[in-house]
Amino acid sequence: MARRSDVTPPGISLIRSLRGRDWSFSSYRYAVLLITFIAYACYHASRKPSSIVKSVLDPERDKPVLSNIWPIGNVFVKEELFDSDARRLTKKGWAPFDGKDGTSKLGEIDVAFLACYSMGMYVAGHLGDSLDLRLFLTTGMIGSGIFVVLFGMGYFWNIHAFWFFLVMQMIAGLFQATGWPSVVAVIGNWFGKRKRGLIMGIWNAHTSVGNIAGSLVAASVLEYGWGWSFILPGALIFFGGILVYLFLAAYPEDVGFPCPYASGNNEETGPSKLEAQSQKFDSDDCQPDVNPQSSSTSRRSVGLLEACLIPGVIPFALCLFFSKLVAYTFLYWLPFYLSQTAIGGVYVSVKSAGNLSALFDVGGIVGGIVAGYLSDKLNARALTAATFMYLAIPSMLLYRFYGGESMTMNIVLMMIVGLFVNGPYALITTAVSADLGTHSSLKGDSRALATVTAIIDGTGSAGAALGPLLTGFLSGNGWDQVFFMLVIGALIAGLLLSRLVITEISDILRRNQSNNAQSTAGSESQPLLSDQR
């Protein structure tokens, strides 16, 4: 049995000694939400630079110039002229990405990162359930930061070898695979199923916040050389890893509380004894046991095959394959698309395209929250996800055909696309993964949260690798082909959940009939009671 001193994060131990008393269960949950939010925002911020610098590495020449564009002055401007070095890069690009095959090579860089990320996810999920989640996440963040920085150093070292950039992205992808299974597992350990969709929908804003931060940071230093666009986000995730090491309590047991949401506890039938116990923890008067009976190190992990057999894992994993194909195509290629497409008859600059693309993620934040709320309200995760994917189809077509009419139209339609594309992606990778990782079919004190999350998101990440790769080839023949691919991907994603959707609709109808029958019986009993009086 591991003692509390073995697993308590050093930062929490220091705070305890300074305060003279411990936090309540609620305070720890808020801290866990904040730290994991920051951690995964750092992960996504470190992935954005490659999309921002695409148009610098592989520029398109001879575009008309406009100094200012609505609505925020020089935030969205056309072809700013930076220093002489940046002007050289803007016009000539950076070998080996400045040739005729530059676009496809950029696509290969993306797919190398995402392929390693996808493959590493399956291993990382099992390791996350077997090892100390805090140390595992710390290692992944620090390693990611180092290799993102090394990619940017290729600029300062004047490296033009394709293999260097390819290898840096591949290793970074392996380290990045540690992030998502770990943070979802931690949240699942601290929060029950009730309102999990809404909580995780709000919490999942870290994805869009990280994308926005990464876009703005990378674009803000682009004028000083594209290498800085990698170095700053890399440093950000490096220091985020140190924050995780110092302050993240991966399990309630690690700080002395019993875990009320351990795998195998079925919350579907109503408030359980452990649920009531967790409510008692919310009191500020409640303090943890000095010597907890168990800790995170004493749990049994679940194998990949056993996790795959959990009902719903395979359909949601396949759905996420196509959902992330769509979402990551926008993540990696939207800034490039904006810089290569006329908006209101003019072209925005590389820096402006990066800033403008952040609005896609603003819509994504709203989409994740709305999808989480609706899935809780209807108790129908699959129905919500499929509906959003179907609605993403007309929104993407409208964006393609009318987004170039004006800047206002582009922004509005871009945010609508972000809402419908990121909504199901956020729902499946958070609430759905946590639900399945604590499914009632898991008996005993077992750990499956990180493993299930890895299976679902790892499969999704294979789609995330395929989308940007295909875009690199298809975009050379026109962007209509790219959007046709995205429409087909969204349609298939929705259809893959059809069986689960039918089941959920039947459950909703059954519940409504039951409620109507109860209300009818109640209304009929009222006259009888009055007659007896």
Condition test on residue 365, is it crowded, with 21+ Cβ neighbours inside 10 Å, in a helix (DSSP H, G or I) and within 17 Å of the chain's Cα centre (by Cα)? yes
Restricting attention to helices (runs of 4 or more DSSP H) lying wholly within region 134-231, give those where 1 or more residues are open to solvent by 10 Å² or more (accessible area, probe 1.4 Å). 162-176, 196-203, 205-220
Residues being hydroxyl-bearing (Ser, Thr, Tyr) and modelled with pLDDT of 95 or more - total across region 230-275: 1
With the requirement that a residue be closer than 25 Å to residue 435 by Cα and open to solvent by 20 Å² or more (accessible area, probe 1.4 Å), what does region 371-413 give you? 373, 374, 376, 377, 378, 379, 381, 383, 387, 390, 391
For region 414-451 the number of residues that are at pLDDT 80 or above, open to solvent by less than 10 Å² (accessible area, probe 1.4 Å) and in contact with an Asp or Glu (Cβ under 9 Å, 6 or more places away or on another chain) is 2
Which residues, counting only those in region 335-357, are open to solvent by 10 Å² or more (accessible area, probe 1.4 Å), part of a helix (DSSP H, G or I) and either closer than 21 Å to residue 391 by Cα or not charged (D, E, K, R) (or both)? 336, 337, 340, 350, 355
I'm checking my understanding of the structure. Among residues of region 232-250 that are β-branched (Val, Ile, Thr) and buried (at least 24 other Cβ atoms within 10 Å of the Cβ), which one is farthest from residue 143 (Cα to Cα)? 244
Single residue of region 306-330 satisfying the filter (over 13 Å from the mean Cα position of the chain (by Cα) and small (Gly, Ala, Ser)) that is surrounded by the most Cβ atoms within 10 Å (Cβ to Cβ): 307
On the given criteria, is residue 306 out of contact with any helix residue (DSSP H, G or I) (no Cβ under 7 Å at 6 or more places or on another chain) and not in a helix (DSSP H, G or I)? no
For residues that are closer than 30 Å to residue 317 by Cα and of a type in the set (Gly, Ala, Ser), tally how many sit in region 400-424. 2
Could you please find all residues in region 1-36 being loosely packed, with under 12 Cβ neighbours inside 10 Å and at pLDDT 85 or above? 10, 17, 18, 19
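The values are calculated or read from the model by the stated rules, or taken from the named source; none is laboratory data. All values reported here derive from a predicted model rather than from experimental measurement. All Cβ positions, glycine included, derive from the backbone under ideal geometry; neighbour counts span all protein chains shown. To get the accessible areas, we keep the full protein, side chains included, count just its heavy atoms, and leave off ligands, DNA and RNA. Shrake-Rupley method; radii C 1.70, N 1.55, O 1.52, S 1.80 Å.
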